[in-house]
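Structure first, then comments.
Values quoted throughout were computed directly from the atomic coordinates according to the rules given, and no laboratory measurement underlies them. Predicted model only: the values in this text are computed from it and were never measured. FYI the Cβ positions are ideal-geometry reconstructions off the backbone, even for glycines, and counts take in every protein chain you see.
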Amino acid sequence: MITVGLTGGIGSGKTTVAKMFQELGVPVYNSDKEAKSLMVLNDDVKQQIIQLLGEEAYVEGNLNRAFISKKIFNDPNLLRSMNAIVHPAVRNDFTLWREVKETPYVIQESALIFETGSPEFYDQIVLVTAPLEERIHRVMLRDPNSNRKKVEERISNQLPDSKKAPFSHFIIENLDLKDTHKQVVDIHLKLLAIAEKTKF
């Protein structure tokens, strides 16, 4: 089995691409979703977050997302500290999840593969891209509470595609869904061939 990292900046459509891989029978671990779950259910993670941000980080046992976002996205040091708490917990959870899978390859969907300095963890990396204006438009469309300034701030916290592309094995330009699906199928077949070779 090989481990594939699926990444892309906010609004690139990596979750859409992940669903396409799932439809082809590939197990996909959604790091963002699982991180949110661990931040609530993992007592160790929860206590570290409270130590970092204070009791206000939780309301009635649930994440106070508005408070957390406001605190960390304007403070690079706090953001780094938060990542240092959450990412190791996610990595451990993913490793346990992967151990019970019996497919040629699995995918970990994560926005921050390069930002957290972990590309070497993966056998192959798939980068999903889209033009900047399209990404901003998508995020504003799906999140009624966002505005252009907020989206641009979030994008600025991520590495640009130009820095990620040279270290990615496959790049999917996600503009037209039909074309994106074609790219996914093509990459799927190539990953199956790579996984087959690694068995020997």
Order of VAL106, VAL100, VAL17 under a 10 Å beta carbon neighbour criterion, fewest first: VAL100, VAL106, VAL17
Between helix 76-99 and the chain: long-axis angle, C-alpha atoms, 0 to 90°, nearest 10: 40
Greater than 22 Å apart at Cα, pairs in LYS70/LYS149; LYS19/LYS149; LYS33/LYS71; LYS33/LYS149; LYS33/LYS101; LYS19/LYS150: LYS19/LYS149; LYS33/LYS149; LYS19/LYS150
Stretch gain in nm, segment VAL185-LYS101, where the contour uses 0.36 nm per residue and the Cα spacing is subtracted: 28.2 nm
Long-range amide H partners of ILE2 with built H, under 5 Å: TYR105, VAL106
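Determine how many Å³ per residue the convex hull of the Cα atoms of segment 32-100 encloses.
Details: hull volume 5.7 nm³, N = 69.
Considering the Cα atoms of segment 32-100, their hull volume per residue is 83 Å³.
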Full-extension gain in nm, ILE10 to LYS149, via 0.36 nm per residue minus C-alpha separation: 48.7 nm
Check: the chain dipole with +1 on Lys, Arg Cβ and -1 on Asp, Glu Cβ, in debye: 280
Label-point separation, LEU177 to ALA84 (7 Å along Cα→Cβ), nm: 4.3
Fraction of beta bridges assigned by DSSP in the chain that are antiparallel (%, nearest 5): 10
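For segment 1-142, count all C-alpha to C-alpha pairs, find those more than 26 Å apart, and express that count as a whole percent of the total.
Working: 2971 of 10011 pairs.
I get 30 percent for the Cα pairs in segment 1-142 exceeding 26 Å.
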Partners for LYS163 among aspartates and glutamates (Cα-Cα distance below 13 Å; same-chain residues under 8 apart left out): GLU115
